[in-house]
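Only the coordinates and a few stated rules stand behind these numbers; no lab work does. From a predicted model like this one, the values you see are computed outputs, not experimental measurements.
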């Protein structure tokens with residue numbers, strides 16, 4: 001049994017001998033069926049109704065014995081609405097695959113444009129949690145619950161399965177990885193100016209434009225999404241708000257954050273469906 005440690009209580013992924021499955025508990029999403037995300041990795045709906053005494057015993061008697069971890073477990077476990085199941089008969093590979101599946105979480109969050117968070121990895125399914133369950137805090141720096149759950153309809157489930165390979169392939173590109181990460185993490189901060197800074201950093205990472213950014217970025221985005229310049233003026237206005245946020249820390253209207261996040265989501269979806277990132281030089285030359 002081993003932990004990945006970087007603070008004064010055990011965090012990370014923990015697997016032990018003879019285990020062939022690992023679980024990440026998710027909040028913020030409710031798939032209507034099991035979704036195959038990649039080889040041996042699945043997203044499943046789950047209903048968790050743990051006994052409070054079992055949560056206390058799992059952490060304070062049989063686990064890390066830290067009240068911080070117990071508090072997060074109590075706050076999150078009953079709200080757990082889905083889980084990622086990772087299967088691998090090789091113990092080391094199981095640990096690696098489990099740790100890496102966190103990337104799938106924020107990629108999926110970007111794909112559906114909805115907040116997904118995860119705190120715990122375990123050796124048991126969330127609906128079978130008991131006092132002997134082993135839980136490991138993998139993400140202690142994200143202490144915010146989603147505002148609500150997004151139901152993934154059967155159509156959504158099919159869409160995710162059909163496009164997951166493209167999403168994972170694109171994540172090997174740092175520009176796309178940064179864009180998806182930005183769409184997932186911008187709402188970690190309550191200040192709109194910071195949110196806009198993060199969102200537009202994600203948008204700009206997809207195009208890598210070095211000069212005359214406002215004009216070229218607006219034209220490139222419009223042509224990439226619509227095949228024409230119909231969105232150019234609206235995007236310029238959003239970019240102006242972004243500039244005020246970055247340079248003046250001006251919060252502006254909440255609608256600007258929403259519109260900017262929706263724009264980044266559209267770009268991510270277009271990249272996934274095209275299976276490639278935009279070529280701004282080609283777009284500008286049209």
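Wrap a convex hull around the Cα atoms of the range 25-154, take a quarter of its surface area, and give that in square nanometres. Taking a quarter of the hull surface, the average projection is 7.6 nm².
For the chain, the longest principal axis of the C-alpha atoms and the axis of helix 154-170 are separated by about 80°. With contacts taken as Cα pairs under 8 Å and at least 6 residues apart, the range 33-164 reaches a relative contact order of 33 percent. Contact order, relative form, for the chain: 20 percent (alpha carbon pairs under 8 Å, 6 or more residues apart, mean separation divided by residue count). Annotation: the antiparallel percentage among DSSP beta bridges lying fully within the range 21-154 is about 90. Checking (1) 1.09; (2) 0.93; (3) 1.19 against Cα Rg over 2.2 N^0.38 Å calculated from these atoms, the matching label is (1). Taking the C-alpha atoms only, the angle from helix 232-248 to the longest principal axis of the chain is near 60 degrees. Centroid-to-centroid, using Cα positions, the range 9-51 and the range 207-286 are 35 Å apart. If the segment from residue 51 to residue 65 were pulled out straight at 0.36 nm per residue, it would be longer than the present Cα-Cα gap by 3.3 nm.
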